[in-house]
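Let me begin by presenting the structure, written as C-alpha cells, before commenting on it.
The values are calculated or read from the model by the stated rules, or taken from the named source; none is laboratory data. Keep in mind the model is a prediction, meaning the values are calculated, not measured. Because the Cβ atoms are built from the backbone with ideal geometry, glycine has one as well, and the counts that use them run over all protein chains shown. Side chains included, ligands, DNA and RNA excluded: accessible areas come from the protein's heavy atoms. Shrake-Rupley method; radii C 1.70, N 1.55, O 1.52, S 1.80 Å.
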Amino acid sequence: MPISTQRYSRRRVLSVASASVLGSFLTACGGGSDSGTTSTATVSQADIDKAMQTPTTLTFWTWVPDISKEIAVFEKKYPAIKINVVNAGQGGSGATAEYTKLRTALKAGSGAPDLVQMEYQYIPNFSLTKSLVDLRPYGAAAVRSKFVDWTWSQVSGANGEVWAYPQDTGPMGMLYRADLFDKYGLGVPKTWDEFAADAQKLHDADPSISFTNLAANEPGVWQGLQWQAGAKPYTVDGTTVGLNVNDAASQKLASYWENLNKQGLISTDADFTDNWYQNLNKGKYATWLTAAWGPVFLSGSAPDTAGKWRAAPLPQWSAGDSASGNWGGSTTAVVKGTRNPVAAAKFAEFLNTDPTTTKMFNTEQSFFPATKALLADPSFTSQQASFYGNQDVNKVFADISGTVNTSFQWPPFLDQSVTDWTDTVGKALADKSDLSAAADQWQSRLVTYAKDQGFQVQGP
C-alpha cells in the first residue's frame, strides 16, 4: 500500500530545525498559564463525567492525515465534545513547522491549541519549558499497562510525570533482498560480525551492490542504532543534562561502521532523494536498516522489487541477544494553558487506547501500534504481505517492539544535537573519514551548546 512522503516524513525525521527557535530554555521555563494544574491530585470521576457532558470544543494540532475518521469515533461516544482539527504542519516537514508555531504561540501567551501531536524525542523539549500538562491527575496510571513498556518510558518524566499518550512507533529491524541473498549464498545475519562478513562476501562477488546504505543525512538511524547498542547519550534531570554521545557503546558503533565504510562495503547515499529511490528499485542496496513503518513505505516506493524483500530483526552485538532501538513515532500531548484539561486529557486517552481508534491508525494511516493488545492481535500479526513473499511482516516487527530498551532518553535540545551530528558524524560518513573522532566532535559541540544555554552538564 503506497504511503505519501508527507505521511512518512513525520515518522522518520528527527527534525533539523534551527536551534534559534529554542531561545534560552532557562528563561522560558515559566511558559504557559497555570490552567491544567500540575498537582498530582486525582480528578474525581464526577468531575470527569461532568466535563465529558459539557459542550466543549477542543483544538487539536496534528499532521496525521484523515484523522477525522478516528475523531468521529470519539465524538459519537461523547457528543458534547467537538474536536477542531488543525494541520499546523502542512507539507513534508510538518512536525518542524508545528513545533515552531507552538513555540511562538506559547511565547505570545495566546493561540496555542488544547492538544498537539508530538514526536517522542521532542517531549523533553516542551516538558522542560512547562508547556505540557501532566496527565496523572486524569487517570494516566490506569492505562499504563495498555502500552508497550518502552513507549511509556518515552512519555514519562523524571519525577513520574506523564506528558503524553503514545500513538505510533518505529521499532527498528532489517529489510533484506532475499533474491540477492540467495544468488550470492548469503545467510540472514544474526550478529553484526555476520553482517560484516556477508558485506565482504557480497562485495567480493559484485562490488556494484552495497550491502546496506547508512545515509549520511539521517541522524534518526544513527541514534536508533545507538539505542540498540545500549548507549546512553543523554540523561535529563530538570536543567541538569548528562551528555555522552561518544560513550563506549557509541564508539563501538562508530568503529564498526567506519571499518565497513572505508572498505567500500556500504554506501552512504542521502536517503529519501531521487537517487536513493532509484537505487532501491535497481537493487543497489541488499538491505535497509529501517523501522516498523519501513515495510509499507518501501512497498510504495520500490514497486519494481515486489516479492524480493523479507524482514528480520537487527543483527545483535552478541550472539543470542535480542535488542533493538526505535526510529520514529509520535504521541498526543495536552498543552499547558488549555481551559479544558479534563476533556483534553480524556480525548488524548481515548484516541490512543480505544480498540477501534488504535486499530484504525494502523488500517487507515499505516501506523505501527504502540498498544500491547493490537501488537498481539492475530488479525494484525498474521497479515501476509505479498511484497515480502507473503511473510508475516507485522509479526516480525511486533516481536521486535518488545525488545526495545526502556532506558533511552532524549535531550531537551534535540534540534541542536541533530545539527551537530550532521556536521560531524554525518559528514564523516560521507567523507569516509574517522567516525570515532567525529563522535568526539559531536560531544564537544553539544557540551559547549548546553553550557551556553545555562544547563548544568554532566560529562562521561
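Between SER255 and ASP47, what is the label-point separation in nm under the 7 Å Cα-to-beta-carbon projection?
5.5 nm
Magnitude of the Cβ-charge dipole of the stretch 204-320, K/R +1 and D/E -1, about the Cα centre, nearest 20 debye?
In total the dipole reaches around 240 debye.
Probe of 1.4 angstrom, ligands and nucleic acids ignored: what's the accessible area per residue over the chain, in square angstrom?
The answer is 37 Å² per residue.
So, by mean Cβ neighbours within 10 angstrom, what's the order for 426-439, 195-208 with the highest one leading?
426-439, 195-208
If contacts are Cα pairs under 8 angstrom and at least 6 residues apart, what is the relative contact order of the stretch 322-460 in percent?
Dividing the mean separation by the residue count of the stretch 322-460 yields 16 percent.
Of the listed peptides 60-66, 259-265, what is their order by residue-averaged count of other C-beta atoms within 10 Å, with the highest listed first?
Top to bottom by mean Cβ count within 10 Å: 60-66, 259-265.
Could you state the angle between the C-alpha long axis of helix 192-205 and the longest principal axis of the C-alpha atoms of the chain, as a value from 0 to 90 degrees rounded to the nearest 10?
Taking the Cα atoms of the chain, the angle to 192-205 is about 50 degrees.
Can you list the aspartates and glutamates whose alpha carbon sits under 12 Å from that of LYS359, skipping same-chain ones fewer than 8 residues off?
GLU70, ASP168, ASP377
Against the longest alpha carbon principal axis of the chain, how many degrees, from 0 to 90 and to the nearest 10, is the axis of helix 219-229 turned?
With both axes taken from Cα atoms, the answer is about 80 degrees.
Just want to confirm a number: the relative contact order over the chain, from Cα pairs under 8 angstrom separated by 6+ residues, in percent.
Taking the mean separation of contacting Cα pairs over the length of the chain, I get 27 percent.
If you put +1 on each Lys and Arg Cβ and -1 on each Asp and Glu Cβ, how big is the dipole of the stretch 346-460 around its Cα centre, in Debye rounded to 20?
Taking the Cα centre of the stretch 346-460 as origin, the dipole is about 140 debye.
Could you look at the stretch 65-135 and say what percent of its accessible area is carbon and sulfur, using a 1.4 Å probe and all protein chains?
Carbon with sulfur: 54 percent of the solvent-accessible area.
Could you tell me what percent of the accessible area of the stretch 260-336 is made up of carbon and sulfur, with a 1.4 Å probe and every protein chain present?
Summing carbon and sulfur atoms, their accessible area is 44 percent of the total for the stretch 260-336.
Can you tell which of LEU243, ALA72, ALA291 lies farthest toward the positive end of the dipole of the chain, using +1 and -1 charges on the Cβ of basic and acidic side chains (Lys, Arg; Asp, Glu)?
ALA72
Spin-label point model (7 Å from Cα, Cβ direction): what's the ALA376 to SER444 distance in nm?
5.1 nm
Might you report the magnitude of the Cβ-based charge dipole of the stretch 274-423 about its Cα centre, with Lys and Arg at +1 and Asp and Glu at -1, to the nearest 20 debye?
Computed about the Cα centre, the dipole is about 220 debye.
In the stretch 263-285, whose amide N lies under 19 Å from the spot 7 Å out along Cα-to-Cβ of ASP431? List them in ranges.
The answer is 263-264, 267-270.
When the accessible area of the stretch 362-460 is split by element with a 1.4 Å probe, what percent falls to carbon and sulfur?
45 percent
Loop-only trypsin sites (Lys or Arg not before Pro) in the stretch 324-420, please: DSSP not H, G, I, E or B, and at most 14 other Cβ atoms within 10 Å.
Passing both the DSSP loop test and the Cβ count: ARG339.
Please give the peptides 388-394, 299-305 ranked by average Cβ packing (other Cβ atoms within 10 Å per residue), highest first, as a rough proxy for protection.
Averaged packing, sorted descending, gives the order 388-394, 299-305.
Let me make sure I get this right: for the stretch 99-190, a, b and c are the square roots of the gyration tensor eigenvalues over alpha carbons, sorted descending. Under 1.5 in a/c it's rounded, otherwise prolate if a/b > b/c, else oblate. Which is it?
Prolate shape, in that a/c is at least 1.5 and a/b is the bigger ratio.
Could you give me the ³J(HN,Hα) list for the stretch 77-83, computed from phi with Karplus coefficients 6.51, -1.76, 1.60 and θ = phi - 60°, whole Hz, x at Gly and Pro?
Each residue's phi maps through the Karplus curve to give 6, 10, x, 6, 9, 10, 10 Hz.
Subtract the Cα-Cα distance of ASP149 and LYS183 from 0.36 nm times their separation in residues, and report this length gain in nm to one decimal.
Extending this stretch completely gives an extra 8.2 nm.
Report, in listed order, any pair from LYS69/LYS372; LYS107/LYS252; LYS107/LYS146; LYS69/LYS284 with a Cα-Cα distance greater than 31 Å.
The pairs that break the limit, which is 31 Å between Cα atoms, are LYS107/LYS252; LYS107/LYS146; LYS69/LYS284.
Given a Förster distance of 30 angstrom, what is the FRET efficiency for SER208 paired with VAL457, based on the Cβ-Cβ distance and rounded to 0.05?
E(calc), rounded to 0.05, equals 0.05.
Roughly what % antiparallel, to the nearest 5, for the DSSP beta bridges in the chain?
65 percent
If I model a spin label as a point 7 Å beyond the Cα along the Cα-Cβ vector, how far apart are those points for GLN263 and THR239 in nm?
Between GLN263 and THR239, the label points sit 4.9 nm apart.
If r is the Cβ-Cβ distance from ASP321 to ALA142 and R0 is 35 Å, what FRET efficiency results, to the nearest 0.05?
Rounded to the nearest 0.05, the efficiency is 0.55.
Assuming 0.36 nm per residue, please report the length gained on full extension of the stretch GLN200 to GLN384 beyond their Cα-Cα distance.
Residue separation times 0.36 nm, minus the Cα-Cα distance, leaves 63.0 nm.
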